[in-house]
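> Just passing along the structure, written as structure tokens.
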């Protein structure tokens, strides 16, 4: 196991390998989660008889601390499953921090609008009349973009300005990408080489400006039916939210990124529902299958793949954080290759489908559908073994001098622990 993420933080954060804000006498990371903060100087008594840091990490006391934190996090997430996806109170407070006037808010109650949004405040939609600084946008595309989307060869595309134009055309998207750029740049200047980001006041201001600019986008989507002529605004909305989630993830704001991911899914639901022409045909799928896509459709394809990737892996790692059925069903689009995960995220559609199916299987087991889950477990285990065999054969055929696959390639194909747990449960019965 690697060492602590911070060498100057409190002992509790070091044990949990979490960033510590180093507030004294107790850090806010511990106090906000009702954890005992062991302070910064003298080690707690139970650590003193341990020979080295590895023994400390493997001790029962350290394990209890991590388990307590995990249970607290699970309880918070469980409460959020039945909550609506966006918190209006958060954005109102954020806008107040910027010193901007906040108009009277109202809650919307309708199945045709977003459940609860940052856009509950009535604000006029601003035109794109700001004066952007192109340097941070170019830095985002040249430096940050390859780190997050390493498999997507933007530089090799014949017309790669579509993403630049998409960012510049939306002020909140510009602020979100600038915030990412500033946070990475600050971390590098501080001497970090592991991708650590710093949420500085400048980064926080960019985030709040992006959130504030997002409000009228959401308000407009709620008040007007999405049409092809207004599709770009809907695409901008999804992309802004996903960039904000990236900013939260890199800043390690625990749990906040899930709010953004759920929000992106809700906007995609809205697009799917309002552009649908048939119950059996996906509106987003039809847009993505365009043989001569405009830059709007390229942006939609890119950010839909980003959302699908994040949603699948988040559910596999943490379980579902959204209880309502989605109008936007991306599994059929993965099966017919309307969504291209390989070229955008570097992973075959079939692998992502298998991971999603594992999560669905685990959910059905938790709901007590044991008989159905038994058959699904066998079929899914066979399917995943077949995927691994295909990938292994393809790799060995292209590299005949190598006997075994590299660890990185193998790990990307192995079934998640939840499938192994499901299989082991049924083997015991």
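> Just report the Cα centroid separation between the range 165-188 and the range 314-346, whole Å.
26
> Then there's this: Calculated FRET efficiency, residue 343 and residue 385, Cβ-Cβ r, R0 22 Å, to nearest 0.05?
Numbers: r = 26 Å, r/R0 = 1.17.
Plugging the Cβ-Cβ distance into 1/(1 + (r/R0)^6) gives 0.30.
> When 1/r is averaged over all different Cα pairs and the result inverted, which Kirkwood radius in Å belongs to the range 11-81? Working shown, then result.
Working: mean 1/r = 0.0773 Å⁻¹.
For the range 11-81, inverting the mean 1/r across all distinct Cα pairs yields 12.9 Å.
> Taking 0.36 nm per residue of sequence separation and subtracting the Cα-Cα distance, how much length would be gained by fully extending the chain between residue 59 and residue 143, in nm to one decimal?
Numbers: separation 84, 0.36 × 84 = 30.24 nm, distance 4.05 nm.
Residue separation times 0.36 nm, minus the Cα-Cα distance, leaves 26.2 nm.
> Right, here's the next one. With the Cα gyration tensor of the range 326-373 giving a ≥ b ≥ c as the square roots of its eigenvalues, does the rule (a/c under 1.5 for rounded; else a/b larger than b/c for prolate; else oblate) give rounded, prolate or oblate? Show your work: numbers first, answer last.
Working: a/c = 3.18, a/b = 2.15, b/c = 1.48.
The shape class here is prolate.
> Assign one of three labels to the range 269-401, namely rounded, prolate or oblate, based on the Cα gyration tensor with a ≥ b ≥ c the square roots of its eigenvalues; rounded applies when a/c is under 1.5, prolate when it is not and a/b is larger than b/c, and oblate otherwise. Don't skip to the answer; put the middle values down first.
Details: a/c = 2.12, a/b = 1.14, b/c = 1.86.
Oblate is the answer for the range 269-401, as a/c is 1.5 or above yet b/c matches or exceeds a/b.
FYI, it's all coordinate maths here, none of it is from the lab. Worth saying up front: this structure is predicted, and the values here are computed from it rather than measured. Because the Cβ atoms are built from the backbone with ideal geometry, glycine has one as well, and the counts that use them run over all protein chains shown.
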